[in-house]
Structures are given as C-alpha cells and as structure tokens.
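Below is one structure, written out as structure tokens; the observations come after it.
Every read-out reported here was derived from the displayed coordinates using simple, explicitly stated rules and does not represent laboratory data. The structure presented is a predicted model; accordingly, all values stated were derived computationally and were not measured. Here Cβ is always computed from backbone atoms with ideal geometry, including for glycine, and neighbour counts include all displayed protein chains.
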Amino acid sequence: MTQSPRDFDRERELLEDIRQFDTPSVTNVVATYPTHPLCLGLYNPLTENWYTDDSLRCMYPELGALAGYAVTAVYGPKDPDFGRLDGMDVYDALDASPKPTIFCFQQKFPPELA
C-alpha cells in the first residue's frame, strides 16, 4: 500500500518529535511496561534487566540525535549451521526499509578472535 503525502509528512513529523528523547527513555517505553500498548514485550522487568553499559557508545556524537527505521544485523565468522543469509541480504533489507534508515549491527566473534 502506498503512503499518501499527508501520511508521509505526519510520519516525518513524528520522527522529528522522537529526536528530542534519548535512547534509554525510548527503550523504557517500548520495552519496560508490559501492560502499555506500545510495549514490545522484549523482557520481563520483574525478572530481567534491560540496559546497556559503556561498551555501547555513540561513535559520532557530533551528528546529534537520530530517529528513523532500524535495520539490524549480527555478523561474525561463517557458521556452517546457518546459511540462510549473506551480506547481500543486508543491502536488500536496507533498500527495502522505510527511510530514513539507521543500520545497527553487532560484531559477534568467539573471544579468541575478537
């Protein structure tokens, strides 16, 4: 279904509004409150923690806050038991994603290679 120009403008306005909040605040809303309709139910706040430490950091703080649609990936050495996706699938996902797109990826190597 194609978005109308009005819907597209409203979506852009919402993304700009979100930029005023830091990531932990947004995460608290979408991940922490199980009875809230916006909660993604990523974990049980009574039995688990949802937080980051200083290993997750902003590499370019001078760019300021961003808001957009995340495309996420995990990369590491080839796993012979997992052969469904490759690098081109990442490019395809980025191309198909609504814009603006923010690419978030995690390096996952065995400790002896990291």
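Grab the Cα-Cα distance for Phe105 and Leu15, subtract it from 0.36 nm times how many residues apart they are, and report the gain in nm with one decimal.
30.3 nm
For a quick check: with amide H placed at 1.01 Å from N, whose amide H comes under 5 Å from Thr101's, ignoring anything fewer than 5 positions away on the same chain?
Under 5 Å from the amide H of Thr101: Tyr69.
Considering only DSSP states other than H, G, I, E and B, which chymotrypsin sites (Phe, Trp or Tyr not before Pro) in region 61-114 qualify as loop sites with at most 12 other Cβ atoms within 10 Å?
Phe82
I want to check the label-to-label distance for Ala31 and Asp95. Put each point 7 Å from Cα in the C-beta direction and report it in nm to one decimal.
Placing both labels 7 Å along Cα→Cβ, they lie 3.1 nm apart.
What ³J(HN,Hα) values, in whole Hz, does the Karplus curve 6.51 cos²θ - 1.76 cosθ + 1.60 give for region 74-91 when θ = phi - 60°, with x put for Gly and Pro?
In residue order, the calculated couplings are 10, 10, x, x, 4, 10, x, 8, 9, x, 7, 10, 9, x, 5, 5, 5, 4 Hz.
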